[in-house]
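The values are calculated or read from the model by the stated rules, or taken from the named source; none is laboratory data. Owing to the predicted nature of the structure, the values given are computational and were not obtained by experimental measurement. So basically every Cβ, Gly included, is an ideal-geometry build from the backbone, and we count neighbours across all protein chains shown. When the accessible area is computed, the model is the full protein with side chains, heavy atoms only, and any ligands, DNA or RNA have been set aside. Shrake-Rupley method; radii C 1.70, N 1.55, O 1.52, S 1.80 Å.
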Amino acid sequence: CYSLTSINVDSNNPNYSSVDGVLFSKDKTTLIQCPGGKQGRYTIPNSVTSIGEGAFYECSSLTSITIPNSVTSIGNQAFNGCSSLRSITIPNSVTSIGWYAFYGCSSLTSITIPNSVTSIGKNAFSNCSSLTSITIPNSVTSIGYGTFQGCSSLTSVTIGNSVTSIGDETFNGCSSLTSVTIGNSVTSIENSAFEGCNNITSVIWNAKNCNSYNFGSQVTSFEFGNEVEVVPSSLCKGMEKLTSVTIPNSVKTIGTSAFEGCARLGKISLGTGLEEIAAYAFASCTRLYDIYCHAVYPPFVDESSFANYNAYLYIPCDSKRDYTLDPVWGKFQNIECLSDEPITGVENIDTPSQRPTNVQKLLRNGQLIIVRDGVEYNAMGQEL
């Protein structure tokens, strides 16, 4: 009823009341219905604790709504279709946001979800096509089906550390999304959660132990948090623009095909806690030429884990013999000491331009000898 501007209730009505043409429960704790033709700004009275289902449904001429601190819940479809709504503040008193609550609020550019909110219903912010950024607070534990579906102007998303699951089609069609941060408690991301988000370039992954999800071929920066324990299988598979990756000390396992097909990956740094690299983890990474492995004991590694055994492998100097004799690590043609300071008699190699031009390996009396530019070194990098 787009021309309806006022709903008036007789003062003697035992069930309902009205203030400024808006319909309330008798005690004015529940806002039941704002007329569809109401225009401009509106402030909800302080007596209201609950915004009812469809309370502002398609009030397409309202531009601003003020919610008081007395409100604890926003009902299903409460602001659905408020297409002119540019500004709204959700107070810290609100604990739940119903499904389709802000669906189609196409003029809404920003919204802050307070730490008091524990529940966000499905499609709550779907088709908010002007929304540019969103932060999910630590109080929320799950993000439901299609919560931000069709938010085509959304460029960045931060998932709080209490969120454990990201549901189907949560960010489906967020075509402008370039930056995603995943909280450390996320254990499940549904297959279509980021479907149609084809422009993601930056991912910060803090999930300690989560199922795999691939964010697409456009990713250039993939950063792991310091609490990550497992790099899931196929997590970065096919990220053709990824050039370097640092695996933190907390990671114990890199899963199957984790970085397979990262055609431009040239440098990886592996942390001290690494214990296992699964099959095909870096398969097809033919440009991988610098591997810095800080683990003192050689991690278990499958022969198929790496595509290029001509790469330079930098390892702790005291572990050089263990790596050299390992049946897989020993396949690397160039094994160098990993040190912050130059090693006596050995160049401190950081870039391709600093590498020796002539490196040979040979066995003499059962001992590995490395010859660099005519100078002989033992397996520990000591000049002979």
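Restricting to bridges with both residues inside the chain, how much of the DSSP beta-bridge set is antiparallel, in percent to the nearest 5?
Values: 17 of 74 bridges.
Roughly 25 percent of the DSSP beta bridges within the chain come out antiparallel.
Among 31-37, 110-116, how do they line up by average Cβ neighbours within 10 Å per residue, starting with the highest?
Highest to lowest by the protection proxy: 31-37, 110-116.
Given the options Ser217, Tyr309, Ile111, identify the residue whose Cα lies farthest towards the positive end of the charge dipole of the chain (+1 on Cβ of Lys, Arg; -1 on Cβ of Asp, Glu).
Ranked along the dipole, the leading option is Ile111.
Checking the a/c ratio against 1.5 first, then a/b against b/c, what shape does the Cα gyration tensor give for the range 51-176?
Note, shape of the range 51-176 comes out oblate.
List the relative contact order of the range 266-334 as a percent without decimals, with contacts defined as Cα pairs under 8 Å and 6+ residues apart.
Relative contact order for the range 266-334 comes out at 32 percent.
For the range 1-60, with every protein chain kept in place, what is the accessible area per residue (1.4 Å probe, Å²)?
Details: 3350 Å² over 60 residues.
Spelled out: the 1.4 Å probe surface of the range 1-60, per residue, equals 56 Å².
To check you understand DSSP bridge types, tell me what percent of the beta bridges within the range 1-155 (both residues inside) are antiparallel, rounded to 5.
On the way: 6 of 22 bridges.
Approximately 25 percent, going by the DSSP bridge assignments.
Run the accessible area of the chain with a 1.4 Å probe and give the carbon-and-sulfur part as a rounded percent. Provide the component values of the computation, followed by the final result.
Details: 7290 of 16630 Å².
The value for the chain is 44 percent carbon and sulfur by accessible area.
Any of Lys267/Lys331; Lys241/Lys267; Lys26/Lys122; Lys122/Lys241; Lys252/Lys320; Lys208/Lys237 with alpha carbons more than 24 Å apart? Name them for me.
Lys26/Lys122; Lys122/Lys241
Evaluate the relative contact order of the range 28-172 (contact order divided by residue number), counting alpha-carbon pairs under 8 angstrom at least 6 apart; express in whole percent.
Relative contact order for the range 28-172 comes out at 16 percent.
What figure, in Å² to the nearest 10, do you get for the accessible area of Lys38 with a 1.4 Å probe and non-protein molecules left out?
Result for Lys38: roughly 40 Å² accessible.
So who's got an amide H within less than 5 Å of the one on Phe224, skipping anything under 5 residues away but keeping other chains? H placed 1.01 Å off N, in plane.
Trp205, Thr246
Computed over the Cα atoms of the chain, what is the ratio Rg over Rh, Rh following Kirkwood?
That ratio equals 1.21.
Calculate, for the range 199-287, the solvent-accessible area per residue in square angstrom, rolling a 1.4 angstrom probe over the heavy atoms of the protein chains.
That works out to 39 Å² per residue.
State, as an integer percentage, the relative contact order of the chain based on alpha-carbon contacts under 8 Å between residues 6 or more apart.
Here the relative contact order equals 6 percent.
Hey, if you put +1 on the Cβ of every Lys and Arg and -1 on every Asp and Glu Cβ in the chain, which of Gly36, Ile159, Pro68 ends up farthest toward the positive end of that dipole?
Gly36
Treating only the Cβ of Lys, Arg, Asp and Glu as charged (+1, +1, -1, -1), what charge dipole size does the chain show about its Cα centre? Round to the nearest 20 debye.
Magnitude of the dipole: close to 820 debye.
Counting helices only, and only those DSSP H runs with n ≥ 4, report the 222 nm mean residue ellipticity of the chain as the sum of -39,500 (n - 2.57) divided by its residues, in deg cm²/dmol to the nearest 500.
That comes out to -500 deg cm²/dmol.
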